[in-house]
């Protein structure tokens, strides 16, 4: 069996950190505010497209990340508006926005399905350390927010909306804030990934939800955290471990798995871990 080399391991860590931010955003909607948000596939590429376009226009790559986060937050606000004020179901609201974002992303990229920035300056031009610093800032900011009174309100909305309303929390407003922050993080992940690979592809966000959920499942299984702010951080660890598992499987001569089997491997990893969790819960109940 072919083992992972140092370079493949480092690549797994780097990509895992980027997609860990995406997983954190997905966790915030699905778990923290209990909102089934399908916007992520579109907002991920929205962040990537915004970054590619702004970098091409000569804007600093760090500032381009901020633009991407603002664009992602706006996409989340639209999803929330459709749900809360137009009375469209949460899952359908996200699907509609993600569907519309495909055309929006094409327009941002100059009606081209891909945009290369490999010759432009990015946060990875010198080394991967700036990216690690960016991820660390995002993680610390999210942890601070979740431990604050604002974070407590967000979590209250997810636990019990009626209870939150009773205590004077504006559920609609907090849901909008949660969706905006979540999609801003997902767009930041898209921004970092486009700079990492040196181009943006309009179809690159396909399957982002499953990838994020896989990272969440692996992270919550690997780390025995019970406190929700720490569970969000576990998404980073889960994303790195997921990428390592994926690379081990794809580099295994014994298993004979090819790159085109990526979705199959992802599905099997999720199912395996979920079955392990079910067995553990069954033993606890027994």
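Every number here is computed from the coordinates shown, using simple stated rules; none is lab data. Quantities reported herein were computed from a predicted structural model and do not represent experimental measurements. Counting neighbours? That spans all protein chains shown, and the Cβs are built from the backbone with ideal geometry, glycine included.
Between residue 56 and residue 9, what FRET efficiency comes out of the Förster formula 1/(1 + (r/R0)^6) with R0 = 45 Å and r the beta carbon distance, rounded to 0.05? Please list the in-between numbers first.
Details: r = 32 Å, r/R0 = 0.71.
Here the calculated transfer efficiency is 0.90.
Considering only 264, 92, 17, the mean-square fluctuation computed in a Gaussian network model of the chain, springs between alpha carbons under 10 angstrom, is largest for 264.
Which order do 86, 40 fall in if you start with the one that has the fewest other Cβ atoms within 10 Å? Mind showing how you got there, number by number?
On the way: 86 9, 40 32.
The fewest-first ordering by Cβ neighbours comes to 86, 40.
Estimated from helices alone, the mean residue ellipticity of the chain at 222 nm is -24500 deg cm²/dmol (sum of -39500 (n - 2.57) over DSSP H runs with n ≥ 4, per residue).
Reducing the range 134-163 and the range 102-129 to their Cα centroids gives an inter-centroid distance of 31 Å.
Label positions at residue 137 and residue 268, each projected 7 Å from the Cα along the C-beta direction, are separated by 4.1 nm.
For the range 128-239, the Cα-based Rg and Dmax, in that order, read 15.7, 49 Å. Over every Cα atom in the range 6-285, the radius of gyration and the widest Cα-Cα span, Dmax, amount to 18.6, 59 Å. Note on 154, 106, 241, 10: ascending count of other Cβ atoms within 10 Å places them as 10, 106, 241, 154, the fewest first.
Per 0.36 nm of contour for each residue apart, how much would the distance between residue 172 and residue 210 grow if the chain were fully extended, relative to their Cα-Cα spacing? All intermediate terms of the calculation are to be shown ahead of the outcome.
Working: separation 38, 0.36 × 38 = 13.68 nm, distance 2.67 nm.
The span from residue 172 to residue 210 would gain 11.0 nm if fully extended.
Going from the fewest other Cβ atoms within 10 Å to the most, the residues 243, 87, 161 appear in the order 87, 161, 243.
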